[in-house]
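This report concerns only the one structure given below.
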Amino acid sequence: MADETREDLIDAFLARSGWGEAARARLAGDASTRSYDRLKGPRGRAVLMNAPPAAEAPACPPGASESERRALGYNALARLAGPDPRPFAAMAAFLKTHGFSAPEIYAADFANGLLLMEDLGDRVFTRAIPEGAGEEVLYEAAIDTLAALHEVRTPERLPLAQGGDVPLLPYDDVALCEEVRLLTDWYLPACTGKETSAELTEEFLSLWREALHLLGPADDVVVLRDFHADNLLWLPDRAGVARVGLLDFQDALKGHRAYDLVSLLEDARRDVAPALAQRMIAHYARRAMAANPAFDLAAFELAYALLGLQRNTKILGIFARLWKRDGKAQYPSYMPRVWRHVERNLAHPAAAGLKAWYGRHIPPPWRGGYLAAKAAEGSP
């Protein structure tokens, strides 16, 4: 009955929006509770985002303390949008205002978690490159898009075309530490067969807090958080930064400029040759120095290594959780690639304390394809 009620809400929303006669076909989703349908009808094509309001824990209220965020759950701690579609709509409008290719929002029912938006197609980088688009051309275009985004003044709040606004919260240490905690909450227990002790988890988090202090003052640029090849569309008929279509940015925050670079070049699902990654980092650095002669390359490289370690550590935990909790056995197959990123990140001198911890508690036999092999065997 609940599904029928949800379908009734969707049908009514589409009818109000003038898309009631369109045919619907399910699109590939992400690892969240949101789903997407492509609409084809008399008015052309569009995409429906379906984000059931009760499907996830609530997002982080502005000004909430760490204890208040902890009481609300993981989405509030990690500052994820959860089921709220307003951050996506607000960020889409912000990006479009500054010349980036984000989907135009045609209609919204925020209370019921529904958005109707422009269909930018499905030629993501991971599809365009095998079809003959030049890999270096696409990655350089993505770097140019990031560099241009980082030159835009970062707002405190993002207005909604439908009225009101949403805050652009900082990617703070609480969020960053809660994300790496997924390693001790999910990855390590999948290896050991038992829960990680509170003492070991706190030792891990303490080392992370020390490492994050090395980043210095935050850049506070817009961080899209999932800026990688599966979320970037190649739109060669457009010009400049508009050639890169942007998706999956509902969790955007303000934070360090290195983060999205890591997302792109240390991709969990696609190999990026180290030489290509180095050329792209150098290309970004040239753009950043041209915009700001005070740009500190050494500090940026330190941040790149630590935020790379943070993101890849989080991904190991997320993929273990998707396997153990949600029964998605394909995710451990990505772990060997993620571990290669982790090993490179740990080689930076700033990660020395964390490298020692990983060495003591996640020895080589538990790295690489260890969990992939367990998943392939059908181990729980």
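A search for C-beta distances below 8 Å between a residue of segment 60-85 that is under 17 Å from R34 (Cα atoms) and free of Cβ contacts under 8 Å to residues at least 60 places away in the same chain and any residue that is in a loop (DSSP other than H, G, I, E, B) and among the β-branched types (V, I, T), counting only pairs 6+ apart in sequence or on different chains, returns P83/T33.
Residue under question is E195, and the condition is that it be modelled with pLDDT of 95 or more, of a type in the set (D, E, K, R) and assigned to a loop (DSSP other than H, G, I, E, B); does it hold? Yes; evaluated as a whole, the condition is true for this residue.
When we screen A93, A111 for residues that are surrounded by fewer than 22 Cβ atoms within 10 Å (Cβ to Cβ), small (G, A, S) and more than 18 Å from V221 (Cα to Cα), the only hit is A111. Is it true that A76 is of a type in the set (A, V, I, L, M) and exposed (fewer than 14 other Cβ atoms within 10 Å of the Cβ)? Considered against the rule, which asks whether it is of a type in the set (A, V, I, L, M) and exposed (fewer than 14 other Cβ atoms within 10 Å of the Cβ), A76 comes out as no.
Checking each residue in segment 149-179 for being acidic (D, E) and not in a helix (DSSP H, G or I) picks out E151, E156, D165, D172. Counting only helices (runs of 4 or more DSSP H) that sit wholly inside segment 282-367, those with at least 3 residues that are crowded, with 22+ Cβ neighbours inside 10 Å and at pLDDT 95 or above are 297-324, 335-346.
Of all residues in segment 102-118, exactly one satisfies the criterion of being farther than 13 Å from W19 by Cβ and of a type in the set (D, E), namely E104.
Between a first residue in segment 118-134 that is closer than 21 Å to G44 by Cα and acidic (D, E) and a second residue that is in a loop (DSSP other than H, G, I, E, B) and modelled with pLDDT of 95 or more, which pairs have beta carbons less than 9 Å apart while being 6 or more apart in sequence or on different chains? Short answer, once both residue conditions are applied: E118/A102; E118/P103; E118/E104; D119/P103. The listed residues are C177, C191, and the only one of them that is buried (at least 16 other Cβ atoms within 10 Å of the Cβ), closer than 17 Å to G317 by Cβ and in contact (Cβ under 8 Å) with a residue 60 or more places away in the chain turns out to be C191. A277 falls short on exactly one of the conditions (1) part of a helix (DSSP H, G or I); (2) more than 20 Å from the chain's Cα centre (by Cα), and that condition is (2).
The lone criterion from (1) out of contact with any Ser or Thr (no Cβ under 9 Å at 6 or more places or on another chain); (2) in a helix (DSSP H, G or I); (3) closer than 28 Å to A350 by Cβ left unmet by L182 is number (1). Across segment 221-255, what is the total count of residues that are on the phi > 0 side of the Ramachandran plot and surrounded by fewer than 17 Cβ atoms within 10 Å (Cβ to Cβ)? Total meeting the criteria: 1.
The values are calculated or read from the model by the stated rules, or taken from the named source; none is laboratory data. This structure is a prediction, so every number in the text was calculated from the model and none was measured. A quick note on method: Cβ atoms are made from the backbone with ideal geometry, for glycine too, and the neighbour counts reach across all protein chains shown.
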